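Q: Would you mind keeping the following structure in view while I ask a few things?
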Amino acid sequence: MGEVTIEQLECYGATSTVARIQWATMRWHSGAPPCYAEFVDVVETAVAQICNELARDPQMHYGQKEDHITYGLVGRLKVFGFHAAFDTTVGGHCDVVVKWNDDLIWLAEAKHYTSNSWLWKGYQQLSSRYSTGEPRGSRGGMLIYCSKPRTDLLMESWKGYMLDQCSDFVFEPKPDRLANAFSSHAVSNRTGVAEVVTHFPVSIYFEPLDRPKKPRKKASKKAIR
Amino acid sequence: MSELAFLSERELLMCEKLIEVISSRLASRAQGVWTYSNLAKWTGSKVGDPVFMNCVNLLAMHPDFRVLEMHLLFFDPEDPESDGIPLDDEQTAHALAADGFLVNPRTGDRVQNYKSTIVPYFKPSKRLEDGAHG
Amino acid sequence: MDVSGIMDSLRYRAPWQKVARVILKNQGFHVGQGWDDTLPDIDALHAVGAADAAKLEDALIEHLIAGEKSLQFYSASRENLDWLLATARKSSPSKHELVSIFPGILPEPALAVMGDVPPKFCKIIDTDIGSALIFVASRAYQKRVKLSPDSIKASVAGDLEFDSIIGIINHRAVVYDAIWIPADAEFAVVLADYPTDVTTDFPVPSHLALRKFLSKQLKEDVEASNLFESVATLYGAPDGDLVELGFITDDDSVKHLKARQGKKSLRKDSYHSAGSKEVGESLQPFRVAVRWGRKLSSGLTSHPELLLPGTSRHIFGVNHLLTEAVFRNGLNLGDLGLIISKLAANI
């Protein structure tokens, strides 16, 4: 039989992250919907993949507004086959909503990393206002657009800030998802169900090393006196 | 940023070619069977070429641009003359599930290595058919 | 017969999707995904009480008579047929050990010991719509199986590359044949067992044996009716789904169309309907298969399918004799009755 079989498609699906994501969503579209664990795994793999793609072209995104970057991310999720939407109403406005069959849901809040308190606002929006707290809506993400260098230090700082706000957080590194990514585990205020949020740092820091530096100003005579 | 901004120029061209082929086949009486191999042949591509695969998958999955639906044909290894038996929705769901299986419609036994006996093919999505006949 | 014996026989004979599943559901059993998913639940029922077991056995017997058969029709006077039935009712079944397994099966090693056994009279079943004389036989046949090229690569020397490999397996099967005499009809139908995975000559020994039996019982040499006229009748009839068609047109090219299993009727196929409009009456069919949907009292549907396997020689040649019809996915005597009604006018 010279035709492509499901076995061959599965093998193709193992050749790259993109192929793996596509094979999963293709199966779901064709009548084999996922369980929540598989849904979250594939969504987060896709989000991490997109974050890596964004980070490869930092000059394209440096200085862009949050909404602009997030809109493009949602578009990319749709290309992967997800039912993804931007800025829909789920208990309030939510930056990213990914659903399957109206049954499985993954939410994300997107923020430029300007300060930890700004991120915390986003986290609270995600956790208390948007997350349904139901088992099939208990997973979500923070998309953290880092236009400053040293994403690793930014994430450590962010974790420290989160612990200062609530000492019950438990963190789990997720380097397999994305460099410096981690997940935070907490209990939903609404329903008491465990909530897990994966924090995706997207490095859009851009300062080309070969750009000529500006000459230093001479010290004024006034300053010396 | 456009929703399709992530597509390369090659991918955009491939999508155009695929849509052209699909539209002309839909209009003609000889629709053919839209397997990956046939779609590759009709667009001058190769199965396994990531550009081709990405585009077929996009057209079968994108929530806003979905024009294809994947279905499955079962070739019974114990019936070499078989033309392929289309699987119904329930059989498809079981075959594609993560821990899937396939029951041979003839014998009622589970098919060993069933994934090598199933060929996916595409049909126009409802949206495309409604558009074509509307 | 106990329930597990009935299930073994059903599993052996009945196509799962279109027949066995429907029989079990029709009897009120829960049906899972395939036999391995279904049988444990039925076994666990223990409580398939005697009444249900009897109904299941009756369903199996009806399927033995009517399921997966090659048909031939023989005209005879009603008087002679009634006499044949009366004689059969007085006859004892054959003493051959194979008869004792009715309506069950035997494992192949036990069959191998017996070797080929020609059809042996087993019993007569009388119903409101007709009577069936049932025969049991044992016959060897070869089965073709597709193998994965990788599976023999290691054992094949050299650089041979195969695209596909076909294996031949020798099997031996229990064969249930029947002679069906519809109530008030003036013909008998020989139903020779014809499993789906055998070669086309498999039913021939049964047809020869049962024709001989009929000739002896009716005291005249009987000849199978010519069914070729029914090809055009079935092709032109509005009911049923046309699933296979062989035909020629004025340009003398031979065409063969087949609707993929489970799909639409060829009558609705745009390629065929445009073509047939174009050629009109010069389209001469020689091979036709039609599938019907028959609603059962339970609300389920059976899908009996009838094939008249003519060849282009029936049109080109002098001999227009087509004596065989192939009956697939027959559930029971109701399906058999439907099929016969489609052919009766030309018998």
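Q: Can you give the convex hull volume of the alpha carbon atoms of the range A:5-117 per residue, in Å³?
A: Hull volume normalised by residue count: 120 Å³.
Q: To continue, here is another question. How far apart, in nm, are two points set 7 Å out from the Cα along the Cα-to-Cβ line at B:Ala27 and at A:Val170?
A: Inter-label distance under the simple model: 6.2 nm.
Q: Right, next: Grab chain B and count how many Lys pairs have their alpha-carbon atoms under 24 Å apart, sequence gap of 8 or more, or different chains.
A: 9
Q: Also: Quick one: what Rg and Dmax do you get for the range C:153-237 from the alpha carbons, in Å?
A: In Å, with Rg to one decimal and Dmax whole: 20.8, 67.
Q: Using packing as a proxy for protection, rank C:180-186, B:123-129 so that the peptide with the highest average count of other Cβ atoms within 10 Å comes first.
A: Order by mean packing, descending: C:180-186, B:123-129.
Q: How big is the dipole moment of the range B:2-133 about its Cα centre under a simple scheme where the beta carbon of each Lys and Arg is +1, that of each Asp and Glu is -1, and everything else is neutral? Debye, nearest 20, please.
A: 360 debye
Q: List the residue ranges in chain A for DSSP H helices whose C-alpha atoms run 27 angstrom or more along the long axis and whose Kyte-Doolittle average is -0.5 or above.
A: A:36-56
Q: Please compute the length gained on full extension between C:Ser298 and C:Ala237, using 0.36 nm multiplied by the number of residues separating them and subtracting their Cα-Cα distance.
A: Difference between extended and current length: 19.2 nm.
Q: Listing C:His303, A:His68 from the residue with the fewest other Cβ atoms within 10 Å to the one with the most, what is the order?
A: A:His68, C:His303
Q: Bin all alpha-carbon pair distances of the protein assembly as shown at 10 Å intervals from 0 and give each bin's fraction as a whole percent.
A: Using 10 Å bins, I get a P(r) of 2, 12, 18, 18, 16, 12, 9, 6, 3, 1, 1, 0, 0, 0, 0 for the protein assembly as shown.
Q: Still on this structure, please answer the following. Based on DSSP H runs of at least 4 residues, each adding -39500 (n - 2.57), what is the mean residue ellipticity at 222 nm of chain B after dividing by all its residues, to the nearest 500 deg cm²/dmol?
A: Estimated from H runs of four or more residues: -12500 deg cm²/dmol.
Q: Another question, then. Given a 10 angstrom Cα cut-off, can you work out which residue in B:Ser82, B:Ser23, B:Ser45 is the most mobile in a GNM of chain B?
A: With Cα springs under 10 Å in chain B, the top fluctuation among B:Ser82, B:Ser23, B:Ser45 is at B:Ser82.
Q: Among B:Ala27, C:Leu234, C:Met114, whose Cα lies farthest out toward the positive end of the dipole of the protein assembly as shown, if unit charges sit on the beta carbon of Lys, Arg (+1) and Asp, Glu (-1)?
A: It is B:Ala27, whose Cα lies furthest towards the positive end.
Q: Here's a follow-up. FRET efficiency for B:Asp88 and C:Ala53, Cβ-Cβ distance as r, R0 = 25 Å, nearest 0.05?
A: Efficiency for this residue pair is about 0.25.
Q: Is the range A:64-167 rounded, prolate or oblate when judged by the Cα gyration tensor, a ≥ b ≥ c being the square roots of its eigenvalues, rounded requiring a/c under 1.5 and prolate requiring a/b larger than b/c?
A: Oblate shape, in that a/c is at least 1.5 and b/c is the bigger or equal ratio.
Q: Rounded to two decimal places and with Rh computed the Kirkwood way over Cα pairs, what is Rg over Rh for the range B:2-133?
A: Rg divided by Rh gives 1.00.
Laboratory data are not the source of any read-out in this text; all were calculated from the coordinates shown. This is a predicted model, so every value here is computed, not measured. All Cβ positions, even for glycine, are placed from backbone atoms using ideal geometry, and neighbour counts span all protein chains on display.
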